[in-house]
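What follows is one structure encoded as C-alpha cells, with my remarks underneath.
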Amino acid sequence: MDDWPGARTVEEFHRQISDAYTRSPLEISIFVGFFVILLGILFGYRRHVIRQEKQAEAERTERLYQQALRRTQLSPSQIELLNTLAEAMQRPTERYLLFEDESLFNSCAVRAMEQKQVAPDAVAGLRIILGFDSDGAKAPHSTTQLKPGATVLLRGRAKDKPVAAEISSSSRSMGLELRCRPERMSRLPLSGRAIQLIYHNAAGIFVFESLVLSREDGTVVLRHAEQPQRLQRRRYFRRSVQRPVRIERVSPEGADLNGVVFDLGGGGAALELVEIDAETTGHKDKPPDIGDLLYLYLEPEPGEVWKLQARVVRVSPKGIHVVFTALQEQDRDKIYRYLFRSE
C-alpha cells in the first residue's frame, strides 16, 4: 500500500491538516486579533459613511426648506407656526414637505390643533399662503378651501332655521365673506357670536364651527375655521320648504292628489295633502297609507319638475311622510343643491 504512487501525497496532505490544528496559541491569537481589527475598521467605515449620508440628507432637506421659505416669504409668526406643525411629523427635519404635500399639512394641523398648540384661524391663514386649494369633489379641511360662488347654509345653533348664503370672497386677513338676503340678516348671530357654516359637495355635508367677525347690509364675514364635522348620514339632512307636488298613486292605484312638500331631504319628504276628500277630488279614495308606493312630481322651480319614487312610512295629522326609493346619487345631489340655494 505504501508503494502506491499517490500515498506520499495523501500522507503529506493529512500532515498539513493535522499541523493546522496544532498551531501555537500565539499564532491563533495573532489571527484572531487581525480579524477583530479588520471588523473594527469595516464597522468604523460603515458608521462614517452613514454619518456622511445623514449629514448630506440634513443639508439637502434644510436647503429645500430655505428655498421654500424664500419662495413663500412667510412672516416670523408663520414660520414658527410651520415649525410647530413639523413637530407632528415622524421626521421633523423633512419640514419642507409641508410646503408641498397638502395631506401631510392636513394631518399635522389636525394633531397640533387637537393638542391646542395652534389656533384654527392661524392654520387657515397659512393654508391660503401655501395655496392648498382642495378639489371640489373632495372633503374640505378648512373654510379657506371653499370657492367663491359656492352656496352654504348659516345658523347660530343646530335647532335654528338655516339661512342660505353665497361665498363672495376669502382672504387670509379678512376671513370668509358671504352674501345673503338683507331681510334674513336678523336671523344670524351678532358679531362676536358663534355660528355654524354648512357646506355640501359630492363628498358629503360638512359643518364648520366659526365666529361672526362682522355683519351689515347683506354681508357677513366669518373667521376661517378648520376641522369640519362630517354629517355621517347625509341622506337625512333636510330643510323646510314650500313647493307644490302632484302625487301619483302607483300601488295601490288611486286618483292623483295635489299637495305641498313642506319638508325635503336627500332621503325623503313630508307632504301636506290639499285634496283628500270626495267633495274636493271627486272620488272616494282614502288618502295614501303606510306602505303605499307613490310617484311625486315635485316642482322645485317654476317650469321644472322632478319625478321621485317614494313609499309612505308614516301618516300624521300634518300629512304623510315618505322615503325615496330607487333614488340615483346624482338625483340626491340635485336635491341637495336645491336645498342649499333655496330660501
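Read-outs throughout are calculated quantities, based only on the coordinates presented, and are distinct from any laboratory measurement. Everything quoted here is computed from the prediction, not taken from an experiment. Cβ: placed from backbone, ideal geometry, glycine included. Neighbour counts: every protein chain shown.
Counting every other Cβ atom within 10 Å of each residue's Cβ, Glu272, Glu59 order from fewest to most as Glu59, Glu272.
Ordering of 63-75, 42-54, 147-159 by packing is 147-159, 63-75, 42-54, highest average first (other Cβ atoms within 10 Å, averaged per residue). Only lysines eight or more places from Lys334 in sequence, or on another chain, were considered; those with a Cα closer than 22 Å are Lys138, Lys147, Lys161, Lys307.
Taking every C-alpha pair closer than 8 Å and separated by at least 6 residues, the mean separation divided by the residue count of region 27-184 gives a relative contact order of 13 percent.
Listed by chain and number, the lysines placed with their C-alpha closer than 19 angstrom to that of Lys286 are Lys318; residues fewer than eight positions away on the same chain are left out.
Hydrodynamic radius of region 143-232 by the Kirkwood approach over all distinct alpha-carbon pairs: 12.8 Å.
Listing Phe35, Phe99 from fewest to most neighbouring C-beta atoms within 10 Å gives Phe35, Phe99. Charged side chains reduced to their Cβ positions (Lys and Arg at +1, Asp and Glu at -1) give region 76-118 a dipole of some 160 debye around its Cα centre. Toward the positive end of the charge dipole of region 236-341, with +1 on the Cβ of Lys and Arg and -1 on the Cβ of Asp and Glu, the farthest Cα among Phe262, Ser316, Tyr336 is that of Tyr336.
Compared with the alpha-carbon gap, the fully stretched path from Asp217 to Ala194 is longer by 6.3 nm at 0.36 nm per residue.
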